[in-house]
Each structure stands twice: as C-alpha cells, then as structure tokens.
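Pasting in a structure now, in structure tokens, and then I'll have a few things to ask.
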Amino acid sequence: MKAASTAAGKRLLDVMDVHWYPEAHGTNNIRITDNDNSAATVAARLQAPRSLWDSTYTESSWITQSLGNKPINLLPRLQTKINTYYPGTKLSITEYNYGGANHISGGIAEADVLGIFGRDGLFAATEWPLQGSEPFISGGFNMFRNYDGAGSAFGDTSIKASTDDAVNSSVYASVDSSNPDVLTIVAINKSGSSLPAIMNLSNVRVGAQGNVYQLIGSGPGSGPNPIAAGTISLANPGNVSYTMLPYSVSTIRIPIVTPPTVISAGFAYQASPNTVTFNFSEDVHASLASSDLTITPLGGGASIPATYLGYGPGNTATFSLPTPPADGNYRATLLASGVTDVAGNPMDANYNVDFYSLAGDANHDRVVDVSDLGILATNWQKSLPAPAAPAVPAVSPMVEAASARVGATFRTRPEHRMIDVIGDSPMQILA
C-alpha cells in the first residue's frame with residue numbers, strides 16, 4: 001500500500017480498520033461473548049481486555065493456541081505492522097464486543113476497553129451489540145462519557161497510568177483542555193473483594209471535595225447506571241482514603257490547582273515614570289501591592305522601592321520606579337507569595353525580569369554614540385503627555401484558564417497493589 005501510494009503521489013489509505021470479537025473462554029470452555037455469566041465466564045471476560053496490550057498475558061483461546069500459546073498483544077502488534085509497512089496510518093476497531101450485556105462484568109470490561117483505547121491512541125472504535133439490550137455495557141460507556149448524568153466526561157488529554165496488579169485492577173486518568181482545573185480518574189476493581197486505598201495529593205486545595213461516581217453490580221445503588229457515591233474529603237490532601245467496591249468502576253472527579261503565571265513582562269525604558277509591567281494568565285489584581293515587587297541593582301547597592309500603579313486590560317499590572325534609575329543593570333523580582341488568583345492560589349515561584357538603564361541611549365543598543373545624537377536632534381523640543389495610570393477594575397474580568405499537567409500514584413492496601421498516574425506536573429498522588 002505504501003508503494004502504491006508513492007506511485008499515485010498521494011496517500012491511498014488513511015485508517016486500517018479491524019473487527020475484534022474476543023475468542024477467549026473460561027475454564028468451562030464457554031466463550032466470553034456468549035450470553036453466559038457463570039463465574040468461569042465472568043473471570044475470563046474481566047481478563048480478556050489485557051489481550052489488547054499486555055505482552056505478559058495469554059488468554060485461553062484458539063488464537064493463542066495458533067500463536068504457540070503466546071500473548072495476542074493486539075494493539076502493539078498491529079501498530080508495529082503499521083510502523084513497518086505504512087507509517088502514519090491510523091488504527092480503528094469498528095466492531096467489538098466483550099459480552100456481559102446484562103452483567104456487571106460487561107460494564108467493567110467495556111470501561112476497561114475504553115480506557116485502553118484512549119490511552120493507546122486508537123483513532124476510532126465502535127461497539128457492536130450482540131444482544132437486543134446491553135444495559136451494563138452502556139453503563140461502562142457512561143463511566144467515561146456521562147458519569148454524572150449531566151454530560152460530564154473523561155478528559156481529552158490522557159495521563160500515563162499503570163498498575164502493578166493488572167489482574168485485579170486498572171486505572172486511567174485525564175485532564176481536559178476545556179476544564180484544566182479537574183483531574184478525572186477511572187479506577188476499576190476486577191476482583192470480588194473491596195480494595196482500600198490511600199491517596200497522597202499535592203497541589204490540591206485543602207478543604208476541596210472529590211466527587212465519586214460508581215458502577216456496581218450488587219448492593220445499594222447497584223444496576224447498569226452510574227450512581228453518585230458521595231465525596232472524598234480533601235481536608236488533608238496528604239492522606240485521602242478511598243475503597244473500591246468489589247466488581248466496580250469508579251470515576252473520581254478531583255479539583256486541582258492551576259496557579260497564576262506571568263505570560264510576559266517588560267520595562268518601559270526612559271519613560272516618565274519608568275514602569276515595569278507584568279501580563280498574567282488570569283486575574284490577580286486583588287492580591288497586588290507595592291511590596292510584591294523588588295528592584296535590585298545587579299552591580300550591588302540598595303534595592304529600589306516600587307509603587308503599584310494599577311491593573312489594566314489583558315490582566316496587566318503596572319509598577320513604577322520613584323526616579324529614573326542610575327545607569328546600570330537591574331532585576332525586578334515579583335514575589336510569588338504576594339500574587340494569588342481569585343481562588344487564593346499563589347504563583348509557583350518568584351518571577352524575575354532583567355532590564356538596564358543608560359542615560360542617552362536613545363536607540364536602546366547599550367551604547368551612547370552619534371546615532372543617539374541623531375535621534376535627539378530629530379526629537380528636539382518634542383513632548384508627549386504623561387499616560388493616565390490604569391484603574392483597578394471593580395469586577396474581575398473573565399480570564400483564560402491555564403492548562404494543568406498532573407501526576408498521581410494510587411496504592412491499594414493491604415495487598416500493596418499500586419496504580420500509577422504519572423505526568424510531569426507539580427501534582428502527584430503518592431502512596
């Protein structure tokens with residue numbers, strides 16, 4: 001196909017599509033897609049999604065027998081072929097079904113499969129019904145697409161997640177570009193026992209609440225529809241307890257902190273007054289004061305006090321210097337502890353902007369020479385009115401939310417099963 005596309009001068013294949021109906025069966029020799037929910041079939045159904053990705057898992061089926069009793073490892077196997085023979089081709093599975101239409105195992109398998117598809121970058125997938133009604137499979141979908149009944153969904157940015165106990169648990173996590181202040185975790189308990197867990201959250205606001213939704217097959221609230229299961233108290237984010245119920249899918253919506261950041265900064269050279277400006281990612285005007293900025297001569301000497309003038313459009317704060325600074329290099333330091341957003345989140349770190357002052361340097365090239373005299377001659381006796389100081393708005397403007405990148409570790413006890421959700425952010429959930 002790649003050779004044909006090269007000859008044609010254009011790509012002839014955009015997506016490689018496969019249909020995947022698992023052939024796995026339990027110790028009772030019943031295929032998991034059959035309308036059977038006996039213990040042996042359920043056990044095989046809950047493990048079958050591992051054949052999509054797990055190079056250490058070998059299901060019981062004619063497929064693995066034909067491979068010499070080796071793992072199927074379907075998605076990596078197909079992706080390797082794409083990378084070898086026609087790089088850039090997308091992969092889809094437009095028919096699949098794991099059975100369990102009317103059983104919690106079907107909902108768990110569906111949720112597990114959706115998590116795998118999203119994590120591993122499948123282009124598209126469509127479940128093909130094998131029964132006239134598949135309520136629990138729909139429930140598995142809803143744990144990702146509508147877990148609260150109001151359209152809330154798993155995010156569009158997947159976070160790397162793994163577990164050291166793939167037999168009994170799976171985990172998937174995300175943030176969303178349209179709502180980066182929320183971390184969504186889908187935790188799956190494939191065992192018949194409760195799994196207690198302790199989460200240690202950093203960069204999570206003390207006093208916040210994490211909302212929990214569950215898909216369960218027995219006990220109060222059991223059925224094919226997600227149910228609200230209360231909240232996780234984050235009074236102490238470093239010690240958050242959560243227990244996954246037996247045979248369950250839990251979607252946990254956790255608020256995370258998006259600290260304000262400085263997008264740009266600058267020094268108004270040879271202006272009157274001399275000013276330093278900061279453009280922020282969100283509204284911080286209520287927290288600002290003159291003491292938040294220090295001006296330090298880099299060549300040594302006493303710091304220069306600054307005055308907060310006000311806050312303007314585009315989340316721009318302006319500070320002034322009391323007199324034109326003497327010739328030299330300077331550093332303006334905005335203190336993180338003094339800058340908070342409307343939710344009280346401070347900046348992560350101090351922000352520095354370096355500038356210099358050199359009297360007579362009209363063209364700002366750090367040299368006073370004849371070219372500066374030419375500018376002076378051209379502008380001789382010209383004047384400009386002083387700009388009005390920007391006013392502090394009475395009402396906070398709408399602001400653009402900054403994306404958060406997060407990480408987490410989720411450890412179950414007492415079996416010491418660990419679910420890792422890892423990103424390169426300031427947030428971590430550590431067991």
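The values are calculated or read from the model by the stated rules, or taken from the named source; none is laboratory data. Predicted model only: the values in this text are computed from it and were never measured. Here Cβ is always computed from backbone atoms with ideal geometry, including for glycine, and neighbour counts include all displayed protein chains.
Among S193, S138, S174, S162, which is crowded, with 18+ Cβ neighbours inside 10 Å and either under 17 Å from R253 (Cβ atoms) or not assigned by TED's automatic domain parsing to the domain that holds R31 (or both)?
Exactly one residue qualifies, and that residue is S174.
Which one is nearest to the chain's Cα centre (by Cα) among residues in the stretch 215-255 that are surrounded by 22 or more Cβ atoms within 10 Å (Cβ to Cβ) and within 16 Å of F154 (Cα to Cα)?
I254
Further question: Can you tell me which of P259, P273 is under 23 Å from the mean Cα position of the chain (by Cα) and part of a loop (DSSP other than H, G, I, E, B)?
Answer to the selection: P259.
For A326, state whether it is within 28 Å of L376 (Cα to Cα), small (G, A, S) and not assigned by TED's automatic domain parsing to the domain that holds R205.
Values: within 28 Å of L376 (Cα to Cα): yes; small (G, A, S): yes; not assigned by TED's automatic domain parsing to the domain that holds R205: yes.
In short, yes.
Would you call T94 surrounded by fewer than 16 Cβ atoms within 10 Å (Cβ to Cβ), among the hydroxyl-bearing types (S, T, Y), in a strand (DSSP E or B) and not assigned by TED's automatic domain parsing to the domain that holds G192?
Numbers: surrounded by fewer than 16 Cβ atoms within 10 Å (Cβ to Cβ): yes; among the hydroxyl-bearing types (S, T, Y): yes; in a strand (DSSP E or B): yes; not assigned by TED's automatic domain parsing to the domain that holds G192: yes.
Spelling it out, T94 is indeed surrounded by fewer than 16 Cβ atoms within 10 Å (Cβ to Cβ), among the hydroxyl-bearing types (S, T, Y), in a strand (DSSP E or B) and not assigned by TED's automatic domain parsing to the domain that holds G192.
Which of (1) surrounded by fewer than 20 Cβ atoms within 10 Å (Cβ to Cβ); (2) at pLDDT below 90; (3) more than 30 Å from N146 (Cβ to Cβ) does T261 not meet, given it meets every other one?
So the condition that T261 fails would be (2).
Going residue by residue through the stretch 22-32, is there one that turns out to be among the aliphatic types (A, V, I, L, M), in contact with a helix residue (DSSP H, G or I) (Cβ under 6 Å, 6 or more places away or on another chain), in contact (Cβ under 8 Å) with a residue 12 or more places away in the chain and farther than 16 Å from G106 by Cβ?
Taking the stretch 22-32 as the starting set, the residues that turn out to be among the aliphatic types (A, V, I, L, M) are 24, 30, 32.
Next, only the ones that are in contact with a helix residue (DSSP H, G or I) (Cβ under 6 Å, 6 or more places away or on another chain) stay: 24, 30, 32.
With the extra rule that they be in contact (Cβ under 8 Å) with a residue 12 or more places away in the chain, the set shrinks to 24, 32.
If we keep only those that are farther than 16 Å from G106 by Cβ too, we end up with none.
No, that holds for no residue.
A further question follows. Just need a number here: residues in the stretch 209-256 that are in a loop (DSSP other than H, G, I, E, B) and small (G, A, S). Steps first, answer last, please.
Residues of the stretch 209-256 that are in a loop (DSSP other than H, G, I, E, B), as a first pass: 217-226, 235-239, 245-247, 256.
Checking which are small (G, A, S) leaves us with 217-219, 221-223, 235, 238.
Final tally of qualifying residues: 8.
Now for a different question. Within the set of pairs 6+ apart or on separate chains, which have a first residue in the stretch 52-80 that is on the phi > 0 side of the Ramachandran plot, a second that is in a loop (DSSP other than H, G, I, E, B) and at pLDDT 95 or above, and C-beta atoms under 8 Å apart?
N69/T58; N73/W53; N73/D54; N73/S55
Cβ-Cβ below 7 Å, separation at least six or inter-chain, first residue in the stretch 102-121 and touching a residue at least 24 places away in the same chain (Cβ under 8 Å) and among the charged types (D, E, K, R), second surrounded by fewer than 24 Cβ atoms within 10 Å (Cβ to Cβ) and in a helix (DSSP H, G or I): which pairs?
E110/F141; D120/L75
If the requirement is being crowded, with 17+ Cβ neighbours inside 10 Å and not polar (S, T, N, Q), which of these qualifies: D365, D341? Reasoning before the result, please.
Details: D365 fails: crowded, with 17+ Cβ neighbours inside 10 Å.
When all the criteria are applied, what remains is D341.
Oh, and also: Within the set of pairs 6+ apart or on separate chains, which have a first residue in the stretch 346-368 that is within 16 Å of N329 (Cα to Cα), a second that is basic (K, R) and not in a loop (DSSP other than H, G, I, E, B), and C-beta atoms under 7 Å apart?
Taking only residues 6 or more apart or on different chains, the pairs are N352/R331; D354/R331.
A further question on this structure: Exactly one of these conditions fails for T84: (1) in a helix (DSSP H, G or I); (2) touching a helix residue (DSSP H, G or I) at 6+ places or on another chain (Cβ under 6 Å); (3) over 25 Å from I159 (Cα atoms). Give me its number.
Evaluating T84 over (1) in a helix (DSSP H, G or I); (2) touching a helix residue (DSSP H, G or I) at 6+ places or on another chain (Cβ under 6 Å); (3) over 25 Å from I159 (Cα atoms) leaves (2) as the failure.
Please count how many residues of the stretch 65-77 are over 18 Å from G115 (Cα atoms) and either at pLDDT below 95 or touching a helix residue (DSSP H, G or I) at 6+ places or on another chain (Cβ under 8 Å) (or both). Lay out the reasoning, then the answer.
Within the stretch 65-77, the first condition is being over 18 Å from G115 (Cα atoms), and the residues that meet it are 65-72, 77.
Filter again for either at pLDDT below 95 or touching a helix residue (DSSP H, G or I) at 6+ places or on another chain (Cβ under 8 Å) (or both), leaving 70-72.
So the count comes out to 3.
Count, please, the residues in the stretch 278-316 that happen to be within 29 Å of the chain's Cα centre (by Cα), in a strand (DSSP E or B) and of a type in the set (A, V, I, L, M, F, W, C).
Total meeting the criteria: 2.
Listed here are the residues, each with its yes/no results for (1) surrounded by 18 or more Cβ atoms within 10 Å (Cβ to Cβ); (2) not assigned by TED's automatic domain parsing to the domain that holds H19.
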position	(1), (2)
E110	yes, no
L122	yes, no
S133	no, no
A150	no, yes
